[in-house]
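Notes follow once the structure below has been shown.
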Amino acid sequence: MYIPSTIPRVMLIGLSYPGENNDDLVSEFEEVESLVTTYGGKVFAAVVQNSTRGDRRTFIGHGKVEEVTEIIKKEEIDIVVINTSIKPGQIHELKLAFEKANPQIIVWDRISLILEIFSKHAKTKDAKLQIKFAKLRQMGPRIYGMGMEMSNQAAGIGAKGVGESNTELMLRHWRNEKKKIQDEIDILSKRKQEQIDHRKKDGLKTISLVGYTNAGKTTLFNKISGQNDLVEDALFATLDSTVNKFYLKPLQKEVYISDTIGFIKDLPPQLISTFKSTLLESIHADLILHVIDTLDPKIDEKIYTVEQIFADLKIKRRNVLYVFNKIEKSNNIDQEQLKNAYSQFSPVFISAKSGDGIDNLLNIISERLKAL
Ligand SMILES: Nc1nc2c(ncn2[C@@H]2O[C@H](COP(=O)(O)OP(=O)(O)OP(=O)(O)O)[C@@H](O)[C@H]2O)c(=O)[nH]1
Ligand SMILES: [Mg+2]
C-alpha cells in the first residue's frame, strides 16, 4: 500500500510488566496503536522493554537505545512513542540518542501523545489553554527553555538578569508562562461556573455522559438531543464538552445534556486536574450516565478505570447510572450477570446506534430526575 509521506511513521516502545500475560501486552499495544491512528500516524515498528528496567538516564537502557536507533534508521521513523510516562530529562536523553538515526526525530511518552491528540482536536479556547498548560508542565523548564533559547537567539534578545544562570532563567520563564496560562484558565472556569449556576437557577436539570473513550457517548448524545456531532471510531476525538437542550418527553420538561472527553487508562492525575474545567460540566450534573461498551473484552477493567477517575473528581456514586451500550451486537453477553455485578448503579441496556432501549433509558432518567 502506498503511504503518503505526510503520515508520520511511528515506532512504539511497549512495556512488559512482571506477571503480565501475552494477551494483556497485545491489548496494550492495540490501545496505543489506536492512539497513534487517532493522532494521524501509522505504526511501522514496535519493541518491548521490561518495565522494571527503569534506567535512570534513558529509562529503556543502553542496549535498547541502540536497538531502537537501528530500527529508526531502517524504517525511517519520524516519531518514537514510549507507552508509559517518563521524566522530561529521559525524553531529552532519548531524543539526543535517536538523533543519530534521524536528526528530526520526535520522542513522546504516553502523556505527550495524548496531549498531541488533544491539541489536534481542541476547538474551544478553554480546551486549548488547558492543553497548553499540560504541555508546559509535561515538558518541564529544561525542554521548554530550549525552545526559548533558540527563539531568543533568533530574536537577538539576551534578557538575562544579573547573575542569573541559564537554568534559573529557564525556570523563571517557565514559571511565568505557567502562571499566565493558569490565570486565563481560572477566568474561563469562573465564567463556566457562572453559566452552570445560571442554568441551575433556570430550574433545568442537567445530565452528563461520561465513560471510557469509544464507548458511544457522542452517538448517544446525538441520538437523544438530535444533534449531529462528530462520531469517530477513534480514541477521544475531542477535549471540548458540548451542551445541548432537549425535551425529555416522560418528564415533560426540557433538560440539558452534556457530552465530553472519553477517559482512558493511565490518564495521569495531573492531567485530570488540568482538565477539571472541561469536566466541570460533568461533575455538576444532576445525573451522570456512565456509558459502557458492552462489546469490550476489557469491560470490567474499563469500568474500574472510570470509577477511579470519578473518585479523583469526587463524583458521588449515587448520581451515577450505568448505561451498557452496543447491545444490538452483544449476543454472547450475559446481561443478567452484568445486572447483578453492577446492581447498585441501576444498569440500563441500550444501543445508541439502533435505538434499542432508548425509550426505557429516557423513562429511567425522568424517574431519577423527578426523585431529586
Ligand atoms: N455497534 C454499535 N456501535 C456503536 C454504538 N454506539 C456507538 N458505536 C460506535 O462506537 C464508536 C465510538 O462512538 P462515539 O460515539 O464516538 O464514542 P465516544 O464515547 O463519544 O468516544 P470518545 O469521544 O472518543 O470518548 C463509533 O464507531 C460508533 O459508531 C452502538 O450502539 N452499537
Ligand atoms: Mg465522543
Against the conditions (1) in a helix (DSSP H, G or I); (2) surrounded by 19 or more Cβ atoms within 10 Å (Cβ to Cβ), where does L96 fall short? Just the number, please.
(2)
Extreme residue, nearest to N102 (Cα to Cα), among residues of the range 56-77 that are open to solvent by 40 Å² or more (accessible area, probe 1.4 Å) and either outside any helix (DSSP H, G or I) or modelled with pLDDT under 90 (or both)
E76
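Please report, ordered by residue number, the helices (runs of 4 or more DSSP H) entirely within the range 205-318 with at least 1 residues that are at pLDDT 80 or above and surrounded by fewer than 20 Cβ atoms within 10 Å (Cβ to Cβ). If you could, list the steps in order and put the result at the bottom.
On the way: elements: 217-225, 269-274, 276-283, 299-312.
Correct list: 217-225, 299-312.
The values are calculated or read from the model by the stated rules, or taken from the named source; none is laboratory data. Computed from a prediction, not measured in an experiment: that's the story for all the values here. Ideal geometry is used to build each Cβ from the backbone, glycine not excepted, and the neighbour counts take in all protein chains shown. Calculation scope for accessible area: heavy atoms of the full protein, side chains included, ligands and nucleic acids excluded. Shrake-Rupley method; radii C 1.70, N 1.55, O 1.52, S 1.80 Å.
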